[in-house]
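Okay, structure first, notes after.
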Amino acid sequence: MNEKKILMTVRDLCLTYDASLGGSETEALSDVNLDIYEGDFICVLGPSGCGKTSLLNIMAGLVSASSGSVLMRGKHIRGVDRERAVVFQTPTLYPWISVKKNIAFGPDIRQVPESESAEKVEHYLKLVGLEDFADSKPYELSGGMRQRTALARALVNDPSIILLDEPFGALDAFTRNSMQDLIRNIWKETSPTIFLITHDVDEALMLGNRIVTMSQRPGRIIQEFEATFTDRVFDGDEDVRYTQEYINMRKELLTLVGYGKA
Ligand SMILES: Nc1ncnc2c1ncn2[C@@H]1O[C@H](COP(=O)(O)OP(=O)(O)OP(=O)(O)O)[C@@H](O)[C@H]1O
Ligand SMILES: [Mg+2]
């Protein structure tokens, strides 16, 4: 039985970008409906240009929908809020300040006393394995380390949900695997709610407890899957990806999102 509480509700969401800035009118999202429960790890899969980033931006409060609604704990979201942290594909770190100061940025602007925030900043620095790089500047870091910093900077504000837009897409395969392990461990150990966009079917299967597939633009949700592969990997079963169950779900997902043969 599912005793989990609903955290966010996306209802009948539509988005059409208008042509007022000189471009053409684009219908990006059509009738998107989704319930997100506390503690979910949702992975969203869909073809390029189907509206995934648009959906995330609306959920973050960065973009307004044309119609429909996004509720958080039953209330309409209004603009950006620290309850919803966003991690983009290219980390948007402040280049002139250190890793530690980047992570402390949110608590600093909220004027959290340093006595309170310092311990948390240290905790998240350690959690993402960057304690030896606390004083480095972002340009001195590798891509994976920058993304770790962005993750710590998101987590330190105790968001209710972390929205990630293809956060590992620009990383090499080894770094991507280690980032996937990191985010899985964080999810299993601290139970944040996670909404992660990816176009990588294996990433979705290896991370999410719910996998949501979107259609070609205008994006709508076509089907949703529940998966336990991430739990099994966490429990040490790395070979779960070779099971028939995994292979079957992979095939179905590939066909649904249009990467496989129809
Ligand atoms: N600010 C904007 N103004 C006008 N059109 C936009 C804007 N942002 C996105 N679009 C259009 O909306 C559609 C959906 O774009 P979006 O970035 O949400 O897709 P996506 O699924 O994230 O794609 P990708 O997988 O390539 O990142 C595309 O056709 C895109 O050209
Ligand atoms: Mg995108």
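What follows is calculated from the coordinates using simple rules that are stated; it is not laboratory data. Because the structure is a prediction, the values reported are computed rather than measured. Cβ: placed from backbone, ideal geometry, glycine included. Neighbour counts: every protein chain shown.
Summary table below
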{"item": "Point-charge dipole on Cβ atoms (K/R +1, D/E -1) for the chain, about Cα centre, debye to 20", "result": "500"}
{"item": "Computed helical MRE - 222 nm, the chain, DSSP H runs ≥ 4 contributing -39500 (n - 2.57), nearest 500", "result": "-10500 deg cm²/dmol"}
{"item": "Principal axis dimensions, the stretch 140-233 - Cα atoms, whole angstrom, descending", "result": "41, 26, 26"}
{"item": "Flagged links, alpha-carbon separation over 23 Å, of LYS75/LYS126; LYS52/LYS101; LYS5/LYS188; LYS4/LYS251; LYS5/LYS75", "result": "LYS75/LYS126; LYS52/LYS101; LYS4/LYS251"}
{"item": "Listed residues PHE133, LEU163, VAL99: farthest to the positive end of the dipole of the stretch 49-167 (Cβ charges)", "result": "LEU163"}
{"item": "Proxy reagent accessibility, fewest Cβ within 10 Å first, across PHE229, PHE133", "result": "PHE133, PHE229"}
{"item": "Antiparallel bridge percentage (DSSP; both residues within the chain; nearest 5)", "result": "50"}
{"item": "In Å, descending, principal axis extents of the Cα set of the stretch 138-187", "result": "29, 23, 18"}
{"item": "Ranked list, fewest to most other Cβ atoms within 10 Å of each Cβ, for CYS14, CYS50, CYS43", "result": "CYS14, CYS50, CYS43"}
{"item": "Distant alpha-carbon pairs in the chain (separation over 27 angstrom), percent", "result": "39"}
{"item": "LYS75, LYS137 arranged by Cβ crowding within 10 Å, fewest neighbours leading", "result": "LYS75, LYS137"}
{"item": "GNM top mover of SER48, SER64, SER215 - the chain, alpha-carbon springs below 10 Å", "result": "SER48"}
{"item": "Environment charge of ARG250, counting only residues whose C-beta is closer than 12 Å and scoring Lys/Arg +1, Asp/Glu -1", "result": "-3"}
{"item": "GNM result for the chain, Cα springs below 10 Å: residue of GLU245, GLU203, GLU131 fluctuating most strongly", "result": "GLU245"}
{"item": "GNM result for the chain, Cα springs below 10 Å: residue of GLY22, GLY208, GLY144 fluctuating most strongly", "result": "GLY22"}
{"item": "Range of Cα positions in the stretch 1-95 per principal axis (Å), largest first", "result": "49, 39, 27"}
